[in-house]
Amino acid sequence: MTTSNQSSTKQSPPRLLNFWFLATGIFSFLGFADATYLTVGHYLTLPLPCTLTHGCETVLTSRFATVGGLPIALLGAIYYLFILFLTLYLYTSDNPKMRIARLVTLVTGIGLIVSCYLLYLQLAVIHALCMYCLGSATTTFLLFISSLFLVRSFRTAA
């Protein structure tokens, strides 16, 4: 009877670990899709529908929408793609490394700080809210939380 309890305990962390891999992968893909949509809209100068808030164009055409001539959305797309690749690497690797899992948490933590700053700019400086930007900030927050649980599950599974 002790053996079955031990084996069920050993099976539990990998399932939980798989859940957090999946959550991190989904959140990074959704963030990538959002940021890519904004990037394409920027370069093609397309009007983007803004149904939940009414400040998208104000935010996306503000002086804060680009850094060094690059749209922040493009930097966001690269950020989300990087997280997605790291997550896929961890998931498919025969010998996943804890330091890579921690790197995901570090990068998403930095992304969360940047998102908070960009939200501050929308609220306090631009005085307009962009629903795509709010979606990206929410996605980054969820990514950070899922990466924390990914590292914790990773540690438990080891």
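The values are calculated or read from the model by the stated rules, or taken from the named source; none is laboratory data. Given the structure is predicted, the values throughout are model-derived calculations rather than measurements. Methodologically, a virtual Cβ is constructed for each residue, glycine included, from the backbone with ideal geometry; neighbour enumeration extends over all protein chains shown.
Tell me yes or no: at least one residue of region 121-142 is of a type in the set (F, W, Y) and surrounded by 17 or more Cβ atoms within 10 Å (Cβ to Cβ).
Yes, some residue in region 121-142 is of a type in the set (F, W, Y) and surrounded by 17 or more Cβ atoms within 10 Å (Cβ to Cβ).
What's the number of the condition G25 fails, among (1) out of contact with any Leu (no Cβ under 7 Å at 6 or more places or on another chain); (2) more than 17 Å from C133 (Cα to Cα); (3) small (G, A, S); (4) surrounded by 14 or more Cβ atoms within 10 Å (Cβ to Cβ)?
Failing condition for G25: (1).
Which ranges mark the helices (runs of 4 or more DSSP H) fully within region 47-158 that have 2 or more residues being within 26 Å of G25 (Cα to Cα)?
Helices (runs of 4 or more DSSP H) meeting the threshold: 72-92, 98-120, 131-157.
Report, ordered by the first and then the second residue, all pairs with beta carbons closer than 7 Å, sequence separation of six or more or different chains, a first member in region 20-42 that is among the charged types (D, E, K, R), and a second member that is in a helix (DSSP H, G or I).
Close Cβ pairs (under 7 Å, with a partner that is in a helix (DSSP H, G or I)) amount to D34/Y132; D34/G135; D34/S136; D34/T139.
Do you know which residues across region 107-139 are under 22 Å from T58 (Cα atoms) and not hydrophobic (A, V, I, L, M, F, W, C)?
If the condition is that a residue be under 22 Å from T58 (Cα atoms) and not hydrophobic (A, V, I, L, M, F, W, C), then S115, Y117, Y120, Q122, H127, Y132, G135, S136, T138, T139 are the ones that fit.
So which of T87, T105 is surrounded by 13 or more Cβ atoms within 10 Å (Cβ to Cβ), within 13 Å of the chain's Cα centre (by Cα) and modelled with pLDDT under 95?
T87
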